[in-house]
Structure formats: structure tokens, C-alpha cells
Amino acid sequence: LRLMQQRYGIGEAKITLTKRVPFGAGLGGGSADASFTLKALNEMFNLGLSDEVLAGYASKLGADCPFFIYNRPMLATGIGTELSPIELSLEGYKIEWVKPNVHVSTADAYRHVKPKQPAFDLRELPNIPIAEWKNCLVNDFEESVFAQFPLIADVKQRLYNAGALYASMSGSGSSVFGIFTEKPILPTYPDCEAQFVMQLP
């Protein structure tokens, strides 16, 4: 709000945030909140700003904020602010998302991660069957985070055991997701804070 006031002299706005995304889940909840606030202010005050302009402002708030301005599949490079569209559809698949009852410090995760050069061009990902993603698509945060929090690695394995085509930690953790062709039948995890199944349209 202050950023847009400085740029465009807009008035005050009363903002109420109802938080449903757990903190420390690696889902970009806070970044999405910031980006959608920019989009809401753009609409409320009839500023007429394009997504490209809003993404520029979003990048001043956080490296992953511009992604949520576009809110569609994108390939992010650089520090995450250089975005290009990617034709990726998960239509008809089911996503099981689990949040273990541990907190991963984002600062610590970035401090210990050792980024690796992908073995293949990520722009080719839509052409690779999802069942083969586990052989080529790796979250580099997992190595150091799993060593510190074995429970997260265990949850990922449980998703594979339940039939996930692909499973991965989300961002810097601690949540883990699995992609399924059928709605998975999974037990309630007593050592996890939250879980849900989402069917994509």
C-alpha cells in the first residue's frame, strides 16, 4: 500500500487478511498476499496498470512476488524475477499436499542450499511424462533440509508409497506435495500440521 501511495498518491485503504496458508510451508503465502494486494489496489483505484508494471513493483517486495502477479505457469530464472510463460497443464490430476509439524527457517534453507545446474532444459518439462519427473526434476533445497528434518523426507516417501507420480518439497519447505492420477487414500498424519487433496480442473 505504501509503495503504491508513493508512486500514485492513492488514498488509504483498510486491509483485512484472513490467513489460510500455514506459515513456513514454502508455498509463497506471504508473497501471494503482497502481490494480490497490488492487484487489488490497481483495481480499486482504477490505476490501469498492466501485469508487467505490477510485476516490476512486486519485485521490490520479494523475488517470488512477480510470479503471483501473473498467477499461471511460468519459468523463473535469475533470482526468480525473470519470468517467461511455460505451457504446462496438470488438468485432471490430483494434488495431495502435506505440511509436516516442523518449521523450516527460510533464511537457514537459503544459507545451506547448494544450487545445481539442471541436467536438462527446464523449458522441456511439459514434454516429459509426469511419472518421469522424479528422474530429472529436483528441488535443491531437499538435500540440506531433509538432513535437518528427516520427517519431511519421510512424508515425501509416504506420498510415493501411496502412488504419487511425482513428489517434492515445496520451495524451501516444509510442505510436500504429490501428484496423483487418482484421488489418493492416505491416512491422517499424526505428525503433520495440515493436509488436503485438491483436484485440478
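The values are calculated or read from the model by the stated rules, or taken from the named source; none is laboratory data. Source: prediction; values computed, not measured. Reconstructed Cβ throughout: ideal geometry from the backbone, glycine too, with neighbour counts over all protein chains shown. All accessible areas refer to the heavy atoms of the entire protein, side chains included, with ligands and DNA or RNA removed. Shrake-Rupley method; radii C 1.70, N 1.55, O 1.52, S 1.80 Å.
Please say if segment 72-165 is rounded, prolate or oblate, where rounded means a/c under 1.5 for a ≥ b ≥ c the square roots of the C-alpha gyration tensor eigenvalues, and otherwise the choice is prolate for a/b larger than b/c and oblate otherwise?
Here segment 72-165 falls in the oblate category.
Before rounding to the nearest 500, sum -39500 (n - 2.57) across all DSSP H runs of length at least 4 in the chain and divide by the residue total; then give [θ] at 222 nm in deg cm²/dmol.
Calculated at 222 nm, the ellipticity per residue is -9000 deg cm²/dmol.
List residues of segment 112-129, by number, whose backbone nitrogen lies under 20 Å from a label position 7 Å along Cα→C-beta of ILE86.
Counting backbone N atoms under 20 Å from the label point, the list is 114-129.
For segment 61-148, which whole percent of the accessible surface, found with a 1.4 angstrom probe, sits on carbon and sulfur atoms?
Here it works out to 52 percent.
Which of ALA167, ALA76, ALA40 moves the most in a Gaussian network model of the chain with Cα springs under 10 Å?
ALA40
Considering lysine pairs in segment 49-145 that are 8 or more places apart or on different chains, how many have Cα atoms under 27 Å apart?
Number of lysine pairs found: 8.
Near LYS39, which aspartates and glutamates are there with a Cα under 12 Å away, not counting those fewer than 8 places off in the same chain?
Reachable aspartates and glutamates: ASP51, GLU52.
For a Förster distance of 22 Å, can you work out the FRET efficiency between the beta-carbons of ARG2 and THR106, rounded to the nearest 0.05?
So, using R0 = 22 Å, E works out to roughly 0.45.
Enter the accessible area per residue of the chain (Å², integer; probe 1.4 Å; all protein chains in place).
In whole numbers, the chain has 58 Å² accessible per residue.
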